Amino acid sequence: MSYESAAGDRPETASRLGHTNAIVRALADEARFYVPAEHVRDIAWLQPKIRHRSELARPDEHRLTGVIGVDGSLMVVPVRDGLPSVRYGYAQAAAIWLDIEAMQAQRQERFVNPVALHEAVKSSLISMDMPVAGAYLREGMSIQDSWRECVDQLFREKKVEVNRLDQSLLQLLMLLHGRPGEPANTVPVDCPRQECRRTDVAVPQAGRTCPGCGHMLWPTDCLRIYEEVVEDGENRGALGRLMQVVELLVLVGLSTLLWQQSRTELFASTLFIVDGPMAVYGPPAKLRARALTYFQHMTSTAGPFICGVEKSGTAVDYARTLVRHEVLKPGDLLVVDADVLAKMTNAGNPLAYGSETYWGRKFFYRSLDGRVVVITVLPASGAPYDDRGGQPDPTAYPSLAAVLDVVDRTGSSMYRDGLIPVALAHSKAAYPIGVGTDVLRLVARRKLGLRNGPDDGPAPR
């Protein structure tokens with residue numbers, strides 16, 4: 001390059017891999033494949049599926065006044081120079097509480113009071129870390145068994161501590177398998193030993209031995225996350241499954257706290273927002289049915305108000321394309337039924353979409369200020385999706401109007417089509433890149449008892 005580097009001692013050089021993205025994009029442009037979002041033609045068939053928010057209007061005196069947002073983040077870092085297979089994983093979930101009325105009051109002021117805005121937001125964080133690849137709890141155990149014991153230890157040690165809520169992740173897992181205020185005594189676990197294959201073993205919180213083979217079973221084995229753990233790989237996907245479970249358990253804990261302590265006031269005036277769809281993927285997907293049943297037990301004349309918000313993905317791309325074609329006007333809601341799902345997912349049988357993973361139904365909404373938001377909402381009863389198409393009609397979702405109202409009142413310019421509660425939760429949960437990676441790597445080395453050089457300091461005792 002013709003200009004000097006930041007140090008000023010040599011010309012700036014181009015990255016050896018700087019050209020790869022341009023090459024891949026050029027190859028993709030030459031390839032032939034079908035993208036549904038690029039083939040929106042006739043849109044007349046969509047018009048009967050559009051509802052305006054005014055059709056779902058709620059009286060102003062019942063407007064929600066608070067939002068609890070939940071988001072998670074993870075990072076996997078190499079911790080041993082010369083041994084790239086040794087990796088350590090970090091995951092954390094954050095919850096924020098936003099006072100909508102205090103935030104909106106500042107919009108009316110000529111000068112924003114930063115103290116008032118700061119007091120309008122409260123946050124809490126739960127974090128965990130563990131060796132995820134190339135390192136084990138003990139000598140002589142497989143990576144799957146190492147993960148099983150690590151997850152069990154973390155769920156026993158890590159707690160969600162907010163005001164009067166002080167429960168471990170394991171206690172919340174037992175609660176999710178029961179009913180609000182009535183945790184289950186046992187959870188069903190399939191023995192992980194291939195030679196045994198005993199299924200639905202009732203495992204209490206303390207754990208028990210398998211009646212078939214005698215090996216120890218932990219209640220967290222019901223999540224089956226170990227099934228995605230491999231010897232050769234960084235196991236980032238398995239850590240992601242763990243993080244999505246923790247996010248769900250944080251939601252369970254916070255919603256149950258309000259439901260028990262202030263059912264007619266705080267619970268009835270608070271929206272719970274999860275970053276991403278209301279779904280559970282992979283081996284822990286059986287929690288979908290648990291979550292649906294659990295939260296529907298809270299159903300009353302006011303609440304629960306729960307939604308998921310997607311920032312990226314196929315549904316978001318398709319919704320934004322529809323807006324570019326002026327299918328949705330500000331204030332319009334699109335009912336995503338089997339016809340829309342068939343177009344969006346290019347599926348021949350869209351009826352079963354989400355029946356094994358989603359505990360909320362997907363809708364496309366264009367806010368009053370023009371933002372495009374893809375949300376999932378909890379039905380009052382029954383399943384949002386099933387083999388017969390589920391419940392696409394908005395009347396099955398009595399909380400929908402209140403959710404849209406909050407979407408309109410909490411728009412954010414921090415990212416495209418953003419929501420302030422989601423942005424705040426993400427800012428609390430996200431790991432910083434660059435320096436943050438270096439710090440996590442150093443911490444992981446010390447936890448594993450690894451030393452690479454004099455800068456690492458003394459080994460931990």
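The values are calculated or read from the model by the stated rules, or taken from the named source; none is laboratory data. Treat the numbers as computed from the prediction; the structure is a model and nothing was measured. Neighbour counts run over all protein chains shown; Cβ positions are idealised from the backbone, glycine included. Surface areas here come from the heavy atoms of the whole protein model, side chains and all, with no ligands, DNA or RNA. Shrake-Rupley method; radii C 1.70, N 1.55, O 1.52, S 1.80 Å.
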Compute the distance in nm between two label points, each set 7 Å from the Cα along the Cα-to-Cβ direction, one at GLU326 and one at SER355. 4.0
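Please compute the alpha carbon radius of gyration of the range 219-367, then divide it by the globular-protein estimate 2.2 N^0.38 Å. Two decimals is fine. Intermediate values should be presented prior to the final figure.
Values: Rg = 17.6 Å, N = 149, 2.2 N^0.38 = 14.7 Å.
That ratio works out to 1.19.
Roughly speaking, what is the stretch gain from SER85 to MET141, that is 0.36 nm per residue apart minus the C-alpha to C-alpha distance, in nm to one decimal? Provide the component values of the computation, followed by the final result.
Values: separation 56, 0.36 × 56 = 20.16 nm, distance 1.69 nm.
Full-extension gain reported as 18.5 nm.
Using only the alpha carbons of the range 129-174, what is the convex hull's orientation-averaged projected area in square nanometres? Please list the in-between numbers first.
Numbers: hull surface 14.5 nm².
Averaged projected hull area, Cα only: 3.6 nm².
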Hz values of 3J(HN,Hα) by residue in the range 150-167 - Karplus curve (6.51, -1.76, 1.60), Gly and Pro given as x: 4, 5, 4, 5, 4, 5, 7, 8, 7, 10, 9, 10, 9, 6, 8, 8, 8, 10
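Would you mind working out the accessible area per residue for the range 218-364, using a 1.4 Å probe, and quoting it in Å²? Let's see the in-between values first.
On the way: 5150 Å² over 147 residues.
Ligands and nucleic acids excluded, the figure is 35 Å² per residue.
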Need the list of lysines near LYS329 for cross-linking: C-alpha distance under 20 angstrom, and skip anything on the same chain fewer than eight residues off. LYS49, LYS311, LYS362
Centre separation in Å (Cα based) which lies between the range 233-295 and the range 355-382: 16
Candidate lysines - alpha carbon under 22 Å from LYS159, same-chain residues fewer than 8 apart omitted: LYS122, LYS428, LYS447
What ³J(HN,Hα) values, in whole Hz, does the Karplus curve 6.51 cos²θ - 1.76 cosθ + 1.60 give for the range 372-381 when θ = phi - 60°, with x put for Gly and Pro? 9, 10, 9, 10, 10, 10, 7, x, 5, 7
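So, counting K/R as plus one and D/E as minus one, what does the shell of residues with Cβ under 11 Å around VAL407 add up to?
Working: positive: ARG53, ARG366, ARG371, ARG409; negative: ASP369, ASP405, ASP408, ASP417.
Computed value for this residue: 0.
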Estimated FRET transfer efficiency (ALA102, SER300; beta-carbon r; R0 30 Å; 0.05): 0.70
Distribution of pairwise C-alpha distances over the range 317-376, 10 Å bins, in %: 22, 52, 23, 3
Taking one equal scatterer on every alpha-carbon of the range 164-253, how large is log10 of I(q)/I(0) by Debye at q = 0.17, 0.18 1/Å? -0.79, -0.87
Under a point spin-label approximation (7 Å from Cα along Cα-to-Cβ), what is the GLU182-LEU125 distance to one decimal in nm? 3.8
Can you give the extra length, in nm with one decimal, that the chain gains between ASP166 and THR314 once fully stretched, where that is 0.36 nm per residue apart less the Cα-Cα distance? 49.5 nm
